[in-house]
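One structure is given here, and the rest of the page talks about it.
The values are calculated or read from the model by the stated rules, or taken from the named source; none is laboratory data. Everything numeric here is computed off the predicted structure, so don't read it as measured data. Note: ideal-geometry Cβ built from the backbone for every residue, glycine included; neighbour counts use all protein chains shown.
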Amino acid sequence: MRIIVKIGSNVLTREDGKLDTTRISALVDQTAKLRKAGHEVILVSSGAVACGRSIVRKHAKLDAVEQRQLFSAVGQVRLMNLYYSLFQDYGITVGQVLTMKESFSTRKEYLNQRSCMEVMLSNGVVPIVNENDTVSITELMFTDNDELSGLVASMMDASMLVILSNVDGIYDGNPSSAKSQLIKEIDVNMDLSGYIQAGKSSFGRGGMTTKSGIAQKLASEGIKVIIANGKRENILVDLLQKPQDTPHTEFVPAASVSSVKKWIAHSEGFAKGSVVINDNAVRAITGKVAASLLLVGVTAVEGEFEEGDIIAVKDSAGKVVAFGKSAYSSAEVKSSAGQHELRPLIHYDYMCLS
Ligand code: GLU
């Protein structure tokens, strides 16, 4: 999966505004684990301004723009420095992408940014994205980094956006009241206005209103969005490994909006080959929760196909249960069938049940 993780200023800073290096270190550990499990990760990290504020002692009287420029210039370096050395411990290289809202408005710049991040990912580099706060013009800024992370997720065709904040998700009442319950799943069309508090976290620019607006928009484009608490231990890994036991709010993605999926849905006639899967795998991919097809469930390969080709998925009786875009060639499937640790054969975003 390609996962975008947005880390809010409040996750990265302590109550006194100083950088929480222990927390950042924990999030780096988890990101390294996601990478090891075969996922591509892009971080959208806030915290430059908050970090700069705790480093610089202001001498002159500064207006709000000058403060943001000064603090972000200093804080961004400190932040990247920290990410750089923590990721180095895992042998992972990071790269910095500073962007502005204007860069998303023209197709040319949009594609240029996209290929920049694609080239980083394909070379094993973790992109760490932030707004270029030093030179962003106030009126043209992103509402906050939640908006930026949504744009990145959509541009990079991500499977999932995880927005890490300092609360567990969206509640059906005031989060500080014991009576309020965490809303586990939110539908694209659900009206949230009655639930969301207008207040925002103390160090970042964003609030739950922008978060949920962006999340619903992305979900309607078919991208899963999760809001979770970045201060919880092991949150990123737990969200993927045991989502049922991990507090969060999920914005359930709308089905079949991606053009790829539409293409696959009409692909019956041009499947290049097929795989036969065992009963467990049939149950997994046809169950209520969207699940990718893993190599571990494959028992046989028929015909020849290349990575990216459409293939049919059959049950042990030979009945076609799904079609999808294969992430491997037939030769690779043959040699790796039955293995656990590898990336899915067909990601659920690229699979249609028949
Ligand atoms: N770009 C800002 C920073 O790094 C954060 C914006 C936000 O809080 O959403 O400090």
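Remarks
- Index of the failed condition, L70 passing every other in (1) within 11 Å of the ligand (Cβ to nearest atom); (2) among the hydrophobic types (A, V, I, L, M, F, W, C); (3) over 20 Å from the mean Cα position of the chain (by Cα): (1)
- Pick from the range 115-126, criterion free of Cβ contacts under 8 Å to residues at least 60 places away in the same chain and of a type in the set (V, I, T), ranking: farthest from the ligand (Cβ to nearest atom): V119
- Test: residue in the range 152-172 that is in contact with a helix residue (DSSP H, G or I) (Cβ under 9 Å, 6 or more places away or on another chain), over 20 Å from T246 (Cα atoms) and of a type in the set (S, T, Y): yes
- Any hit, the range 217-226, residues being surrounded by fewer than 23 Cβ atoms within 10 Å (Cβ to Cβ), more than 16 Å from the ligand (Cβ to nearest atom), at pLDDT 80 or above and closer than 17 Å to V44 by Cα: yes
- In the range 43-63, the residue that is modelled with the highest pLDDT out of those that are crowded, with 24+ Cβ neighbours inside 10 Å and among the β-branched types (V, I, T) is V44.
- So V167, is it touching a residue at least 40 places away in the same chain (Cβ under 8 Å), closer than 30 Å to Q69 by Cβ and crowded, with 16+ Cβ neighbours inside 10 Å: yes
- Residue in the range 83-103 that is touching a residue at least 60 places away in the same chain (Cβ under 8 Å) and buried (at least 18 other Cβ atoms within 10 Å of the Cβ) present: yes
- Take the conditions (1) at pLDDT 90 or above; (2) under 18 Å from R232 (Cα atoms); E15 misses just one of them, which is (1).
- All of V129, V135 fail the test of being within 16 Å of the ligand (Cβ to nearest atom) and surrounded by 15 or more Cβ atoms within 10 Å (Cβ to Cβ), apart from V129.
- Single match in A228, A158 (criterion: assigned to a loop (DSSP other than H, G, I, E, B), in contact (Cβ under 8 Å) with a residue 60 or more places away in the chain, under 25 Å from M1 (Cα atoms) and small (G, A, S)): A158
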